[in-house]
Every structure is written in C-alpha cells, then in structure tokens.
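Trainee: First, the structure itself, so that you have it in front of you.
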Amino acid sequence: MNLSPLQKARYEYAPKLPGMLRNGIAEICVSEGAATTSVADQDKIAELFPNTYGKPEVTFKKGQNTSVAKKQVVGVILSGGQAPGGHNVVSGLYDALKATNKENVLLGFKGGPDGLLKNDYVVFDDEFINAYRNTGGFDIIGSGRTKLETEEQFAIVAENAKKNGLTAVVIIGGDDSNTNAATLAEYMAAHKTGIQVIGCPKTIDGDLKNEDIEASFGFDTATKTYSELIGNIERDANSAKKYWHFIKVMGRSASHVALECALETQPNICLIGEEVAAKKMSLAQITNYIADSVEKRAANGNNFGVAIIPEGIVEFVPEFGALIAEINELLAGSKTEEFNALPNWQAKYDFIKQGLTADAFKVFDLLPQGIQQQLFLERDPHGNVQVSLIESEKLFSELVKNELAKRKAAGTYKGKFGAQHHFFGYEGRCAFPSNFDADYCYSLGYNAFMLIQYGYTGYLSKVSNISKPAEEWVAGGMPITKMMNMERRNGKDKPVIRKALVELDGAPFKYFEAHREQWAVETCFTFPGAIQYYGPSEVCDLTTRTLALEKG
C-alpha cells in the first residue's frame with residue numbers, strides 16, 4: 001500500500017489516556033454513584049426498561065481490579081454517519097481486551113447493524129487494527145443506518161451472538177443508534193442471554209451531549225475541518241472583495257456545528273436555528289437581517305462577506321415548517337404518483353396552488369423556483385420532504401438578492417451583490433482525527449472494555465473533564481436510560497435519547513450574541529488554518545471554542 005508521510009506518522013501516534021486508565025488493567029477499580037432517573041417521562045421509561053433502568057453512574061479509579069476474570073468475545077459495530085475517530089474507538093477497545101487477556105477476541109461486524117443481523121464479521125488481529133490507528137473514516141468495517149428496534153431483529157442478534165460466543169456488543173453511534181443499544185441491552189437482560197451492550201457517543205452534529213457527556217466524538221475534527229475551509233474562503237473574500245459567500249454546514253436538528261464554526265472564524269452572519277425557532281422568525285425577517293449586513297458593509301465600500309447557514313435551518317422557521325407539513329399531507333398516499341404524472345412544472349405549480357392553504361402558498365410563492373422544485377423531490381421512507389436536500393444557502397442568497405433589488409430601487413442600497421455557494425458536509429466526516437478526537441476516541445473504546453469487564457450493560461462509555469489535559473480526564477459510564485424521554489415518532493410514542501440543542505442562555509451562544517453585531521458590519525475574520533498534529537500542546541491539543549466556553 002502506498003502511504004502518504006502523514007499517514008505513516010499518524011499510525012505511530014500514541015493516543016493519550018485518562019490518568020486512571022494508564023496504570024494497567026490490574027490497577028483499575030470501579031466506584032458506583034447514586035441511582036439514576038431519565039431526563040423526563042420517568043414512569044414510562046422505567047416501565048419500558050425494567051431490567052436496565054435506574055442503575056448508578058460509575059467512575060473508574062486507581063485501585064485493585066475486582067472484576068471476575070473470564071475470556072471475553074466482544075462484537076463491535078459502527079452505526080450511522082461517519083465521524084472522525086471511530087477507528088480509534090475500535091483500537092482502544094481492542095487494546096484493552098488484549099491487555100487483559102491475549103485470548104480475548106474482538107469481532108468487527110460489517111456494515112453496521114446489518115452485520116449483526118447477517119452474522120457478517122471479521123476477526124481483528126494486530127495487523128488489521130494497526131492499519132487503521134488514528135485514521136479517519138469508518139472503512140475498517142463500514143457502517144449502516146439499519147435500526148435495531150423489533151423483537152424479531154433482537155432475536156436474530158441474540159442467536160448470532162450465541163453462535164459466536166459473544167459476551168458483549170459495543171455499538172458506536174449517535175442518539176438513534178444508542179437508543180437502539182439501550183433497547184437491545186434491555187432485550188438481552190430480559191431474556192437472560194448474559195450478553196452485555198455498551199454504547200459510545202458519536203456524531204459530528206454535536207447534539208449527543210448533556211451534563212454527563214460533554215461532547216460527542218468527531219465534532220472537534222469536523223468543525224476544525226470546516227473552519228479551516230471557511231477561514232480560507234474569508235481570506236479569499238477579503239482579497240477579491242466582490243462576493244458574498246453563503247456556506248451551508250452540517251447539522252439538521254441542531255446548530256452546534258454552525259455556532260462552533262462562527263466562533264472559530266467570526267463571519268459576518270451565522271444563523272442559529274434554535275434562535276430562529278425561539279423568536280419565531282419568518283423568512284422575510286431572516287432575509288432582512290442578512291440584507292441589513294450587506295447594505296451596511298456596502299456603505300463602507302465592502303461588497304463582500306461570509307454567511308454560515310446550518311443545514312436544517314428551514315425546519316426552524318415556523319412558517320416553513322407549516323408549509324412542509326402541508327406538502328407532506330398534499331402528497332400523502334397515491335397523490336405523489338398523481339403529482340409526478342403531471343406533464344410540466346406549470347401544471348404541478350397549479351396543483352400545489354389548489355392544494356395548499358392561502359398562508360402556506362404565500363410562503364411557497366416567496367421561494368425561488370429551484371427551491372420550490374426541491375420541496376417536491378423524492379420523499380424519505382416515511383413520505384416526508386427531505387429537508388437536507390433543500391439548498392438553503394441558495395435560498396437565502398436569492399431572497400437577499402431580491403430584497404436588495406427593492407432597496408436599490410428605493411435608493412437605500414447602492415452596492416453590488418454577487419453570491420457564491422458552498423456546502424461543507426462530507427468534507428469533515430472522515431478527516432484524520434485531531435489529537436483531541438484521537439485521544440478521546442481511544443479512551444472511549446478502552447473505557448468501554450472496562451465497563452464490559454465489570455459486568456455493566458445498557459451503559460454509555462463516558463469520558464469527562466475533557467476540556468482539561470488528558471491526564472485529568474475522568475473515565476466511567478452512565479446508563480443510557482438516563483438520557484431518554486418519550487417522543488412522537490411516525491405516529492407512535494417511542495423512548496429516545498433527547499437531542500441536545502444549542503442553549504440560547506449558554507456561554508457559547510452568549511459570546512456569539514455579544515460579538516455578532518460588530519462582525520456583521522466590520523471585517524473581523526479569523527483564520528484557524530489546518531488541523532495541527534505536531535508541535536506545541538496549546539496548538540495541537542486545542543479543544544473546540546464551544547467546550548472551552550462551556551467549561552469556563
């Protein structure tokens with residue numbers, strides 16, 4: 001295999017572990033805290049998880065290992081979208097298994113949950129693992145989005161686990177994947193299979209966090225990658241001085257990625273979906289907010305700028321949400337086929353006009369034709385609009401362009417407006433993990449084995465105090481049920497991990513809010529540059545601005 005010099009160097013990087021995990025497996029003991037309760041709907045969650053609810057949080061400390069020695073055969077899957085550092089979770093898990101007993105075995109199930117259902121796996125050895133240490137991506141065994149949620153699926157997983165002599169399964173994934181982990185753990189416990197289930201918190205979107213889980217892995221690397229690109233564009237904008245760049249970034253359900261990138265790069269505009277929802281902002285209000293910045297900058301001779309748009313922004317706009325709900329109803333059942341059979345866009349436009357309420361159609365008619373058509377692209381498996389396909393960066397630049405034309409006609413705006421569009425998504429999901437993510441992920445995997453060794457199930461691997469140097473990190477675990485509440489999904493009440501949204505009274509947003517008025521008018525761009533892997537610790541082991549502000 002031909003390797004780049006960086007690849008070779010990264011394979012040799014030794015990830016840092018929390019202090020209490022550095023003493024050797026034989027000198028790690030466990031301390032249990034108080035019993036836990038779910039974040040909401042306690043009675044209902046307790047009823048649904050009678051075997052795994054209410055368990056204590058645990059912390060690992062230096063001391064005599066009191067776990068029962070036995071051979072462990074552990075299965076691991078990567079679930080959902082890729083996130084930098086996944087390979088190191090697997091590496092940490094493998095190293096802890098082998099450090100305890102050379103006879104322990106790690107099986108990697110291919111393609112995510114499907115691998116567990118099809119019993120399709122590889123047996124890891126040193127050579128296999130060493131080829132993936134500290135690298136990005138999920139290509140070690142692949143990933144998948146199949147959900148484990150039915151009794152039939154659980155029975156198949158249990159049977160395949162029994163065939164392979166599994167003692168535990170580790171699921172590396174986001175909120176949905178770890179919800180599935182909790183449900184699978186409950187099934188295994190209820191059926192007395194003896195198979196433990198442990199989760200690891202992954203998502204670049206940053207919405208799998210709470211008072212216990214300070215950050216999901218991958219967020220650090222992805223936002224640093226996007227911020228480098230945004231900084232490059234800011235430098236270009238300030239050089240050419242003729243374009244406004246509208247940049248969409250990942251984050252459908254929460255705006256953590258957009259906010260972190262704004263804190264890193266200080267753009268002129270950054271929309272935060274949670275604020276849009278809280279203030280019930282309309283498309284017109286958002287358009288005017290951006291247009292005001294364009295106009296004020298133009299008055300200073302600056303006909304350029306940068307605006308960051310979170311991927312899911314339109315879902316936070318109340319009037320747009322109502323429009324989407326009506327479109328979903330309009331195309332329910334056989335109506336989709338009827339709509340698709342219409343001969344041209346004009347016929348489809350007339351169909352839409354007849355089918356929507358006056359208020360919804362008024363919003364629809366504001367949209368550029370290209371965006372209107374995107375609302376009627378292929379539906380998701382539940383028959384709903386695929387909001388992620390909507391090019392919101394183009395939507396807002398077009399709306400701003402139209403608003404500026406009105407202002408020019410009225411004589412209030414005399415500048416020039418040209419727009420460029422970007423979407424930064426896949427670019428950040430498989431980057432070489434930053435030192436922080438390499439260390440954090442390795443620790444999560446190593447720690448997951450400690451939870452297995454001490455007999456815990458239905459727990460999430462937890463490493464906290466992560467704004468400090470790795471030596472001061474604290475390893476442990478928390479019951480996944482502690483993070484759960486009931487939500488309406490596809491017409492049914494389901495137990496799910498509560499998504500963490502941007503807190504408008506939190507320190508990261510407050511810092512952004514205090515500075516954005518200045519950033520909107522002045523050119524305050526900052527240029528983070530590429531992720532640094534070697535050099536001074538204050539550069540290489542730097543955490544996100546979000547985590548630094550949250551932890552003071």
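The values are calculated or read from the model by the stated rules, or taken from the named source; none is laboratory data. Keep in mind it's a predicted model, so treat the numbers as computed, not measured. For neighbour counting, all protein chains shown are included, and Cβ atoms are generated from backbone atoms with ideal geometry for every residue, glycine included. Ligands, DNA and RNA are excluded from the accessible area calculation, which covers all protein heavy atoms including side chains. Shrake-Rupley method; radii C 1.70, N 1.55, O 1.52, S 1.80 Å.
Trainee: Report the charge-dipole magnitude of the chain in Debye, nearest 20, computed about the Cα centre from +1 at each Lys and Arg Cβ and -1 at each Asp and Glu Cβ.
Mentor: 520
Trainee: Shifting gears a bit: Would you pull out the residues with amide H under 5 Å of residue 168's amide H, same chain only if 5 or more places away, H placed 1.01 Å from N?
Mentor: Result for residue 168 returns 73, 75, 196.
Trainee: At 1.4 Å probe size, with every protein chain present, just tell me what the per residue accessible area of the chain comes to in Å².
Mentor: Details: 22780 Å² over 552 residues.
Per residue, the chain has an accessible area of 41 Å².
Trainee: May I pose another question? Quick one: pull the percentage of alpha-carbon pairs in the range 353-423 with a separation above 21 Å.
Mentor: I get 40 percent for the Cα pairs in the range 353-423 exceeding 21 Å.
Trainee: Over all alpha-carbon pairs in the range 210-303, figure out the percentage whose distance exceeds 19 Å.
Mentor: Roughly 50 percent, once rounded to a whole number.
Trainee: Beyond 19 Å, what share of the Cα-Cα pairs of the range 68-123 is found? Please give it as a whole percent.
Mentor: Beyond 19 Å sits 33 percent of the P(r) for the range 68-123.
Trainee: Another question about this same structure. How big is the range 1-122 in terms of Cα radius of gyration and Dmax, in angstroms?
Mentor: 18.5, 57
Trainee: Taking only the alpha-carbon positions of the range 1-66 and ignoring solvent, what does the Debye formula give for the base-10 log of I(q)/I(0) at q = 0.21, 0.24 Å⁻¹?
Mentor: One equal scatterer on each Cα of the range 1-66 leads to -0.87, -0.97.
Trainee: Could you work out [θ]222 nm for the chain from helices alone, using -39500 (n - 2.57) per DSSP H run of at least four and dividing by all its residues? Round to the nearest 500 deg cm²/dmol.
Mentor: Only helices count here, giving -13000 deg cm²/dmol.
Trainee: For the chain, find the longest principal axis of its Cα atoms and tell me its angle to the long axis of helix 392-410, 0 to 90°, nearest 10.
Mentor: With both axes taken from Cα atoms, the answer is about 20 degrees.
Trainee: Return the long-range amide H neighbours of residue 28 (sequence gap of 5 or more, or a different chain), with a cut-off of under 5 Å between placed amide H atoms.
Mentor: Under 5 Å from the amide H of residue 28: 63, 65.
Trainee: Across the range 169-186, in residue order, what do the Karplus-derived ³J(HN,Hα) couplings come to in whole Hz, using 6.51 cos²θ - 1.76 cosθ + 1.60 with θ = phi - 60° and x for Gly and Pro?
Mentor: For the range 169-186, the Karplus curve yields 10, 10, 10, 9, x, x, 5, 5, 5, 7, 4, 4, 4, 5, 5, 5, 4, 4 Hz.
Trainee: Let me ask something else about it. At a 1.4 Å probe radius, carbon and sulfur cover how many percent of the accessible area of the range 287-441?
Mentor: 50
Trainee: To continue, here is another question. For the chain, what proportion of DSSP beta bridges, expressed in % and rounded to the nearest 5, is antiparallel?
Mentor: Values: 23 of 55 bridges.
Within the chain, antiparallel bridges account for around 40 percent of the total.
Trainee: Over the range 98-241, what number does the Rg to Rh ratio reach, with both radii from the alpha-carbon atoms and Rh per Kirkwood?
Mentor: Across the range 98-241, the Cα-based Rg/Rh ratio is 1.08.
Trainee: Also, quick follow-up: Just to confirm my numbers, what's the Cα centroid distance between the range 192-219 and the range 511-552 in Å?
Mentor: 25
Trainee: For the range 486-508 and the range 429-455, write down the distance between their C-alpha centroids in whole Å.
Mentor: Between the Cα centre of the range 486-508 and that of the range 429-455, the gap is 25 Å.
Trainee: Can you give the direction-averaged projected area of the convex hull of the alpha-carbon atoms in the range 450-552, in nm²?
Mentor: Values: hull surface 45.2 nm².
Here the figure is 11.3 nm², rounded to one decimal.
Trainee: For the chain, report the translational diffusion coefficient in µm²/s to the nearest whole number, using Stokes-Einstein at 4 °C, 1.567 mPa s, and a Kirkwood Rh over Cα pairs.
Mentor: Estimated via Stokes-Einstein, D reaches 52 µm²/s.
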